[in-house]
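Scroll down for the structure; my scribbles are underneath it.
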Amino acid sequence: MWDHDAGFWFEAKPSGLQKPKTKRAKRFLEKREPKLTENTKNAILIKGGNANLTVTETLKDIVSILLEIHKNITRPFEDQTSLEFFSKKSDCSLFLFGSHNKKRPNNLIIGRMFDYHVLDMIELGIEKFVSLKDIKNSKCPEGTKPMLIFAGDTFDLNEEYRRLKSLLIDFFRGPTVPTIRLAGLEYVLHFTAMDGKIYMRSYKVLLKKSRCKIPRIELEEMGPSLDLVMRRTHLASEDLYKLSLKQPKALKPKKKKNISHDVFGTSYGRIHMQKQDLSKLQTRKMKGLKKRPAAKMTEEDEGISPKKLKSV
């Protein structure tokens with residue numbers, strides 16, 4: 001670009017880009033750059049300034065599954081700037097905010113970000129809470145990847161519950177692993193939608209001996225246990241929601257002809273072959289399959305009796 005006042009050319013740099021001054025800053029900015037395969041989603045837990053004991057214990061039990069907790073006085077439905085600031089600072093795309101007041105007691109707000117802006121946000125009220133300490137059973141190790149089970153047609157029929165199901169999957173799914181082992185499947189999170197409430201239960205999987213190779217499975221409740229009711233919602237528009245689900249072309253698998261997949265990921269292939277001539281098919285040589293002379297075959301087919309032998 002030509003500077004008329006100075007009388008020389010200079011290179012204009014985009015205002016949004018930051019040039020790192022150290023190698024550490026360069027590595028930090030490279031981690032924040034868009035990738036074909038994004039990093040595992042992190043969650044931030046925020047405790048409101050007026051949270052009571054029930055909300056605090058709930059956040060403590062969930063923090064044993066997730067990562068870090070912050071304390072901040074904010075109202076996410078009125079002002080979202082502080083949430084977006086914490087999200088960008090901690091590189092967290094998920095958040096859970098706990099608060100308590102007279103109008104909305106025992107309040108939890110679960111949400112997620114897109115491009116460091118609030119995408120979806122759902123407010124839940126705690127009606128009943130049983131902590132990990134109250135259930136005297138053996139616990140799973142911290143950081144165990146849970147198996148998620150959703151029961152109830154409401155999760156598929158109602159749009160708000162459908163978004164809540166997607167939010168809970170994002171929140172508790174953990175990192176993507178290439179392989180799993182049977183002994184590692186020991187933690188179950190069960191969500192049931194019924195009569196306008198959401199019931200969250202945690203179970204430990206016990207593998208018992210059986211008469212066959214497959215072990216007998218039993219579930220033992222280990223906590224936390226929550227009875228929730230949906231309150232306010234802040235959902236993204238359909239266009240913005242589709243934009244957040246968009247994937248780059250490099251990640252989309254190339255469609256192959258004559259190959260299909262079922263629900264469990266099994267591949268099926270279709271083979272096209274020419275019509276076979278079964279008369280030329282080579283069979284096993286047996287006396288019962290021995291071919292007779294062609295003349296006898298034609299005579300029998302036409303119904304002609306064989307010639308009589310002359311008497312001597």
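The values are calculated or read from the model by the stated rules, or taken from the named source; none is laboratory data. All values derive from a computational prediction rather than experimental measurement. Cβ placement follows ideal geometry from the backbone for every residue including glycine, while neighbour counts extend to all protein chains displayed. Surface areas here come from the heavy atoms of the whole protein model, side chains and all, with no ligands, DNA or RNA. Shrake-Rupley method; radii C 1.70, N 1.55, O 1.52, S 1.80 Å.
Let me make sure I get this right: for segment 128-253, a, b and c are the square roots of the gyration tensor eigenvalues over alpha carbons, sorted descending. Under 1.5 in a/c it's rounded, otherwise prolate if a/b > b/c, else oblate. Which is it? Note, shape of segment 128-253 comes out oblate.
Filter LYS128/LYS204; LYS41/LYS252; LYS41/LYS246; LYS41/LYS128 down to the pairs with a C-alpha to C-alpha distance above 18 Å, please. Mind showing how you got there, number by number?
Values: LYS128/LYS204 21 Å; LYS41/LYS252 20 Å; LYS41/LYS246 16 Å; LYS41/LYS128 29 Å.
Over 18 Å Cα-Cα: LYS128/LYS204; LYS41/LYS252; LYS41/LYS128.
Shape of segment 226-269 from the C-alpha gyration tensor: oblate (a/c of 1.5 or more and a/b not above b/c, with a ≥ b ≥ c the square roots of its eigenvalues).
Highest mean first, what order results for 109-122, 77-90 on Cβ atoms within 10 Å?
Details: 109-122: 19.4, 77-90: 14.7.
Per-residue Cβ counts within 10 Å, averaged per peptide and sorted highest first, yield 109-122, 77-90.
Projecting the Cα atoms of ILE271, LEU164, PRO178 onto the dipole axis of segment 156-295, where Lys and Arg carry +1 and Asp and Glu carry -1 at the beta carbon, places ILE271 farthest toward the positive end.
Of the heavy-atom accessible surface of segment 43-155 (probe 1.4 angstrom), what whole percent is carbon and sulfur?
Whole-percent figure for carbon plus sulfur exposure: 53.
Which whole-number value in Å² is the accessible area per residue of segment 40-197, probe 1.4 Å? Normalised by residue count, the accessible surface of segment 40-197 is 53 Å².
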